[in-house]
Every structure is written in C-alpha cells, then in structure tokens.
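The block underneath contains the structure these notes are about, expressed in structure tokens.
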Amino acid sequence: MWIDFSALDGALSLLGGSWMAWAVVPLGLMIGLIFGAIPGMQTSMAMAIFLPATLYMDFLSAMLFLTAIFTGGGFGGGISSILIGIPGTSTAVATTFDGYPMTRKGQHNEALGAALFSSCVGMLFSYVILFLTIGFLASFVLNFGPLEMLMVALWGVTLIGILGGKSFSKGLLAGLFGLLLGTIGTSPIGVTRGTFGIPDLLDGIPVVPAMLGLFAVSELISLTQRDYIVGSEDSRRLNFGRIIAGFGMAMRYPGTLLQGSVMGALIGAIPGVGSSVSNLASYAEARRRDPNPESFGQGNPKGVVAAESANSSSEGGSMVTLLALGLPGGGGTAVMLAAFAAHNITGGPKFIRDQTDIVYAIILGNMAQAFLLLLLGLFTIHFISALVKVPIRYLTAAVLVMSVTGAYALTGNMLGPYVLIAFGALGWLMRRFNYSIAAMVVGLLMGSLCDTNLVYVYQISGGDWQYLFERPLALALALLLVVCVAVVPMLRWYRGLSAAAAQAGRKPA
Amino acid sequence: MKRFLEKFGDLLVVSACAAATIAYVVDAQAKSRSVENLAFIVPLAIAILGLCLLVAVTRRRPAGAVGEAEATTQSEGGAANAALPFYCFGLLVAYVLSIPHIGFDLANMVFVALFVWLQAARQPLHALLFGALFGLGAAWAFQMILPYRLPMTLL
C-alpha cells in the first residue's frame, strides 16, 4: 500500500496541533497574491524575500508559509493579466490571451471568478495526485545511491539550463557556473577552496542572500525603467456576485479543467519547465481540441480555465521532484530547498521515509490552501486590484530595503548585504544578456551535493569508471543527460532553419 | 556606456566568468592536488571554459537580443531613461556601504527617499515622506523581530 495511514494520522495531529502553521498560511497567500498581481514582481522573488522570516518558524509552518506564497502567486499573476492585460508573472501569460478580451467585453468579474476557481481546482488536483504517488516514488527513489543522486542533480541542472532560457549554451553555462560557485568553501575532504582569504566564506556562499540578489535585486533594478500605469480603463468595478458567477462559468467546462490540471501536474514535474510552459501548452491544447478554435483570443472563458488550472497544478508537480529527489525544478522550489537547508533538513527519499508524517502534513496543508485561496481570493480581490495601480517605484524601493535587511538578518553581519549586491549585479547582467537565473540558483544549491556525491562514488568505486556500468539506473540517467544535451540544440537548430525557410518563402521574389 | 555594453557586454560577461573559473581552479589545486578535491571542479571548469568560448564565438551582433529587449522596455516604460538602472544600482551600493556607519534606520530613510525621487523628480515631498515613514518603519519592524541588535542611529 502506498499510503502510510499511521503517518497520515500523525500528519493530521501535526496540522491540528499547530496554530502557527494555520496562522502563516493566510499571510503567505496574501503575500503571494500581491507579488503575483504586480507586473515584474515574481513569486519566487517574494519567497526569497520572506525566507528569512521562516527561520523563526518550525519546519512545517515554514513550508506551509512558502507554499502559500507559491499558491497565492499562481492566481495573483492572473489578476493583472485579466484586468490590465499585463501578466503579473510568467506563469500567467496565456491567461492574458482570453482574460483581457473578456475584460474589454465587460466580463472581467466572470473572468476573475473563472480564473480563481480553476486555480483552486488545478492546485487541489495536483496535490491529490502527489499524495497518492509520493509513497511509491519514495520507495523507488530509496534505491538511489550517490552515483544516481549525482546524475539526477546534473540532469536537473542541465535541463533547467537548456530548457529554461532562450539560449542553450548560455543556459547551460549559467547552470554549470552556479554548480562551481556552489562548491566554494570547505570541500568534502576538508580543503578550503575559492574563499580568497575571506573567512566568512568557509561555509560557502550564503545561498539565500545570493538568491535574493539574483531573483529580487536584478529584477527590481530592471523595473526602474518601467511604470505600469493603467489609464482610463482603471475604473472597472468589481462585483462580488458576478465573480461567483465566474465559478459557475468554469464549472461548465470540466473537460478543460481536467485537461489543464493533468497537463500542469505532468509538465510541472519536469525540472526547468514548470508553470511558465504548462499554461501555454494547456491553452494551445484546449484551443486545438475546441470545435470553435477561432473564438480563442476573443474572450473565450475556456482559455482562462485551461491556462489557470494548468499553472496552478504545476505547483504540485514541481513538489514531486523536490520532495522525492531533493531537486528543485525552478525558482520557487529552489527557495523551498534553501528553507530545508536553513532548518537542517536534507530533502529527498530519506526525508520522505523518515518523516512521512511531515510530508503528508505539507501535502494536506496545501490541499486546505486551495480552499483558503478560494475564500481569500474572493474577499481580497478588490484590494489587490487596487494595489496593481500603485506606482511601482514605491514598491521597488520598499522591497529592496526588505531584501537588504533580510540578507543581514540571515547572516547576522554585513556579509549578507554584500553577497546580495554582488549577486544582484551578476543577476542584472545575466538578465540583460539572456542567461538563465533559475539555472544559476539551482546550480548554486546543488554544487556541494554533487561534489560530495562524486567523492563518495570515487571512494566506493576505487576510481574505476566502469563502476557506472554496474549501476544501470545511473547509466540510464547519464544517457538521458547526453541525449538532452545533444538533442535540444539540434531541435532548436532545426526549428530555426524551418522558420528561416518559411520566412524566405513568404518574401516576394 | 550603453553602446559599449551592447557591443561588448556579452564578451565581458563570459570573460569574467572564465577568469573567475580559472582563478578558482588555480586556488583549489594550490590547496590540494588530491583526486577527491579536484574530481568535480576540474571537469566542470573545463566544461564552463568550453561554453564561454562557444558563447563568445557565437554571440549575436548588438542589434540582436539586447537591442530587442531594450526596445520592449522603452516602449513599455514610455520616456524611459536608459541610465536610470545604473544610477539606482549605484544608490543601492552606496546604501549598503553606509549601513555600518549610519545604521539601518537612517540609511533606509535616505535610500528610499532618493530612490523614489530619482524616478519621480517632480514629487520630492512624496519621496521624502514615503522615505521617512517606510524607512523608519521597516527598521523598527525588523528590530522587533530579530533577537540581536541591528546597527541603528535614531532607534
């Protein structure tokens, strides 16, 4: 049986006996909704900024707080997509396609209601799937040794690098450079490397200030050139009853809801892909299957349902790799992995085996979050839609101050703010020249793990590389890694050639 | 500055990345040449240097990706000032460097007021008021949460 009922009982006791865990969830949802709704402010940025606050919580409360931000951000991105036609986050791009046309037709209340309901259903679906499969996944992954873990980590970083960015070589370079930076400090055999005489770096680069710099500072500095101002259209009034009517509108398309939820959960589980891709893929699939595809892009509610159910269900999918393998699939789960480390917990199969009750509590807590999001989203949508109109310069200044103070709080000295500045500059350059920030962050988190596992492999095998052939799973993962590195650039090259040929064909002779 | 960045920015990034990688490997092998110490980082460094070379060789001309990104930003921001991010980042660096000397409370106030004013020069009073209220409020809130004393001047 894949469900451990005694652990389930323990999980219910944990959730029932912790007022803190429930107190932080609405707060996290609100933070996620606000950051998600404001264009330019990303959910992963919000999670990184509020990560220092989790140091004063127990592990379960910390995880529920961070996943609540993740959840709130999933729907928050859709609010600005629908109301002002600018996606609040990259996960809500497809919501704009039909959400904004619905607004122009005066159906913004219904669009918001449909988006909220679809987000909740998608999220609930993905966590139910996670709950049913996590036991099986853990029992499978428990067979992994250091070589398999090394291969999984390398495969994850590579995949995030090559799929997450616009350029294959730049994405991969960002991931590998992150891995190298992640090994700075004391090595697994006790040698101090790359500290260049700075004693504060003996434990390595402080990951959370570095993440704050890469996710928050670099993005906020880029935002100084922008100011999203809603002109005459900002007088749209929200109506409680019509938002609830939007719930009914979403319920009229159960097939689209289910398809979006399934696609989101599956795509979300692939490192480097996640909700940014799932919402677009689900939208495209819904349009392809529809008998009237021309209605998409003109304000078809099915488009909103497909996009929102998929981007929210990606959250549960991305938690699969985080919990089962200890491998973050993107920015949000990378922050969660940093929270694991901050609480001296190592994610992965052993964590699931030894602390199944906490894993179940996280999953059940997230199922409850879906219902809370429905209520909180409904009652706060007026406030959040007003916040979207606040000039962004006030918000960027406030968030920068919180980031710097948070970085100081994490290290207890000025090392945190200095690392934040250094990685902020690096992140800004990376964004400007199209390097993958997520790949760099995941590399930074995985560097030490890869190094340690390779040392174990060397000691177990005695330096004989043929040991790889004695581990068929590791060999398969190594082949998968090679295939990914070889196939993705070839596919991109082929697509480029096809596009160029199509363009040449269109040009008049 | 902008033209220089467009023309050579990509090259500067990969050069810095390659230089940092080489410096790290040199430092690591100077500390210990054991296989356990270098088994991961040397192959990784070789791959990084190879990719740096690949990016440098295949980099696009200035009118490519950067130019397009810039155009999008400009159109979204209206009368955007291309130098503004540099000023804002410089202000952020000055803010961080000033914290040990003037404390979080004063540094927050000055930074927030100047940061907002840089982007909305016509509303200095708003900037000053927001800087004072938010700067002090944030410093006070963090001091209440943290179990140790933050550097402060006024609070």
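The values are calculated or read from the model by the stated rules, or taken from the named source; none is laboratory data. No experiment lies behind these values; they were computed from the predicted model shown. Every residue, glycine as well, gets a Cβ built from its backbone with ideal geometry; the counts of neighbours run over all protein chains shown.
Residues checked against (1) of a type in the set (A, V, I, L, M, F, W, C); (2) more than 21 Å from the chain's Cα centre (by Cα); (3) at pLDDT below 55:
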position	(1), (2), (3)
B:Arg61	no, yes, no
B:Asn81	no, no, no
B:Ile102	yes, yes, no
B:Asn108	no, no, no
B:Leu114	yes, no, no
B:Gln119	no, no, no
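Counting only residues that are hydroxyl-bearing (Ser, Thr, Tyr), touching a Leu at 6+ places or on another chain (Cβ under 9 Å) and touching a residue at least 60 places away in the same chain (Cβ under 8 Å), which one in the stretch A:388-417 is nearest to the other protein chains (Cβ to nearest Cβ)?
Selected residue: A:Thr396.
Could you tell me which of the residues A:Leu124, A:Leu130, A:Leu163 is part of a helix (DSSP H, G or I), in contact with a Leu (Cβ under 9 Å, 6 or more places away or on another chain) and touching a residue at least 40 places away in the same chain (Cβ under 8 Å)?
Every option except A:Leu130 fails the conditions.
Is it true that some residue in the stretch A:4-23 is outside any loop (DSSP other than H, G, I, E, B), under 27 Å from A:Val404 (Cβ atoms) and polar (S, T, N, Q)?
No: zero hits.
Please work out if B:Leu136 is over 19 Å from A:Tyr418 (Cα atoms) and out of contact with any His (no Cβ under 7 Å at 6 or more places or on another chain).
For B:Leu136, the condition - over 19 Å from A:Tyr418 (Cα atoms) and out of contact with any His (no Cβ under 7 Å at 6 or more places or on another chain) - is met.
Being aromatic (Phe, Trp, Tyr), in contact (Cβ under 8 Å) with a residue 24 or more places away in the chain and part of a helix (DSSP H, G or I) narrows it down to one of A:Phe379, A:Phe351, so name that one.
Only one candidate passes the filter, namely A:Phe351.
Before we move on, is A:Met30 surrounded by fewer than 24 Cβ atoms within 10 Å (Cβ to Cβ), under 19 Å from the mean Cα position of the chain (by Cα) and at pLDDT 85 or above?
Yes; evaluated as a whole, the condition is true for this residue.
Do you know which residues across the stretch A:86-140 are modelled with pLDDT under 85 and small (Gly, Ala, Ser)?
A:Gly88, A:Ser90, A:Ala92, A:Gly135, A:Ala138, A:Ser139
Among (1) surrounded by fewer than 23 Cβ atoms within 10 Å (Cβ to Cβ); (2) of a type in the set (A, V, I, L, M, F, W, C); (3) more than 30 Å from B:Ala138 (Cα to Cα), there is one condition A:Met446 misses while meeting the rest; what is its number?
(1)
If A:Val441 satisfies every condition in (1) out of contact with any Pro (no Cβ under 7 Å at 6 or more places or on another chain); (2) more than 30 Å from B:Ala28 (Cβ to Cβ); (3) part of a helix (DSSP H, G or I) but one, which is the exception?
Evaluating A:Val441 over (1) out of contact with any Pro (no Cβ under 7 Å at 6 or more places or on another chain); (2) more than 30 Å from B:Ala28 (Cβ to Cβ); (3) part of a helix (DSSP H, G or I) leaves (2) as the failure.
Here are the criteria: (1) within 11 Å of another protein chain (Cβ to nearest Cβ); (2) surrounded by 20 or more Cβ atoms within 10 Å (Cβ to Cβ). Tell me which single one A:Ala425 does not satisfy.
Among (1) within 11 Å of another protein chain (Cβ to nearest Cβ); (2) surrounded by 20 or more Cβ atoms within 10 Å (Cβ to Cβ), A:Ala425 violates only (2).
Hey, any hits in the stretch A:239-246 for a residue that's surrounded by fewer than 24 Cβ atoms within 10 Å (Cβ to Cβ), β-branched (Val, Ile, Thr) and at pLDDT 85 or above?
Within the stretch A:239-246 (the criterion being surrounded by fewer than 24 Cβ atoms within 10 Å (Cβ to Cβ), β-branched (Val, Ile, Thr) and at pLDDT 85 or above), the answer is yes, since at least one residue qualifies.
Residues checked against (1) small (Gly, Ala, Ser); (2) more than 11 Å from chain B (Cβ to nearest Cβ); (3) touching a strand residue (DSSP E or B) at 6+ places or on another chain (Cβ under 9 Å); (4) buried (at least 24 other Cβ atoms within 10 Å of the Cβ):
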{"site": "A:Met102", "(1), (2), (3), (4)": "no, yes, no, yes"}
{"site": "A:Lys105", "(1), (2), (3), (4)": "no, yes, no, no"}
{"site": "A:Leu142", "(1), (2), (3), (4)": "no, yes, no, no"}
{"site": "A:Leu159", "(1), (2), (3), (4)": "no, yes, no, yes"}
{"site": "A:Lys166", "(1), (2), (3), (4)": "no, no, no, no"}
{"site": "A:Ala174", "(1), (2), (3), (4)": "yes, no, no, yes"}
{"site": "A:Phe177", "(1), (2), (3), (4)": "no, no, no, yes"}
{"site": "A:Ile198", "(1), (2), (3), (4)": "no, yes, no, no"}
{"site": "A:Asp203", "(1), (2), (3), (4)": "no, yes, yes, no"}
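Could you list, ordered by first residue, the pairs with Cβ atoms under 7 Å in which the first is in the stretch A:197-211 and closer than 17 Å to A:Leu179 by Cα and the second is surrounded by fewer than 18 Cβ atoms within 10 Å (Cβ to Cβ) and β-branched (Val, Ile, Thr), at least 6 apart or interchain?
A:Leu202/A:Thr186; A:Leu202/A:Thr192
Look at B:Ala127 and say whether it is within 8 Å of another protein chain (Cβ to nearest Cβ), at negative phi and either β-branched (Val, Ile, Thr) or touching a Phe, Trp or Tyr at 6+ places or on another chain (Cβ under 6 Å) (or both).
The answer is no for B:Ala127.
Looking only at the stretch B:1-33, count every residue that is surrounded by fewer than 20 Cβ atoms within 10 Å (Cβ to Cβ), free of Cβ contacts under 8 Å to residues at least 40 places away in the same chain and within 7 Å of another protein chain (Cβ to nearest Cβ) and tell me the total.
Residues meeting the conditions: 3.
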